[in-house]
Amino acid sequence: MTVFDTALATLHADSNMSVAASFRRPPYAWESVRVILSQPTELFGTARAGTLQAELLASAVTDTPQRGDELRIDVTTGAIAAGTVFVLEDPERDVLALSWRVTLADQN
């Protein structure tokens, strides 16, 4: 385990930084994960203002996240109610291949 692995694992384990969630590729079963949620502002045209994004550890999921997979937030956090399910859009792996940043879309 590298220093970067340790740092990311520490951030994801901290309940002040991350929330309990579940990940799945329908129709398969949910996998428990912890995610760090963010709402980035537009930066050089790469992120839509107000977009909800989640970062999850690559080691926490058995499948490579892809468009159409689902992420369920398991606890109420801010304006997001427990049990809310989002659909993944635009998964991006970080340069060290340690985590995935995914844009979340409402399931509706």
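Laboratory data are not the source of any read-out in this text; all were calculated from the coordinates shown. Every value quoted in this text rests on a predicted model; they were computed, and no experiment measured them. Glycine gets a Cβ as well: all are built from the backbone with ideal geometry, and neighbour counts include every protein chain shown.
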Projected label distance in nm at Ser38 and Asp94, using a 7 Å step from Cα toward the beta-carbon: 0.9 nm
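Using unit Cβ charges (K, R positive; D, E negative) and no other charged atoms, how large, in debye to the nearest 20, is the dipole of the chain about its Cα centre?
In debye, rounded to 20, the chain gives about 100.
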Val75-Ala13 FRET efficiency (beta carbon distance; Förster radius 22 Å; 0.05 resolution): 0.90
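From the helices alone, meaning DSSP H stretches of at least four residues, give me the mean residue ellipticity at 222 nm for the chain, per-run term -39500 (n - 2.57), in deg cm²/dmol to the nearest 500. Can you show the working numbers first?
Numbers: 1 runs with 11 residues, N = 108.
Calculated mean residue ellipticity at 222 nm is -3000 deg cm²/dmol.
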Spread of Cα-to-Cα distances over 10 Å intervals beginning at zero, given as percent, for the chain: 15, 50, 32, 4
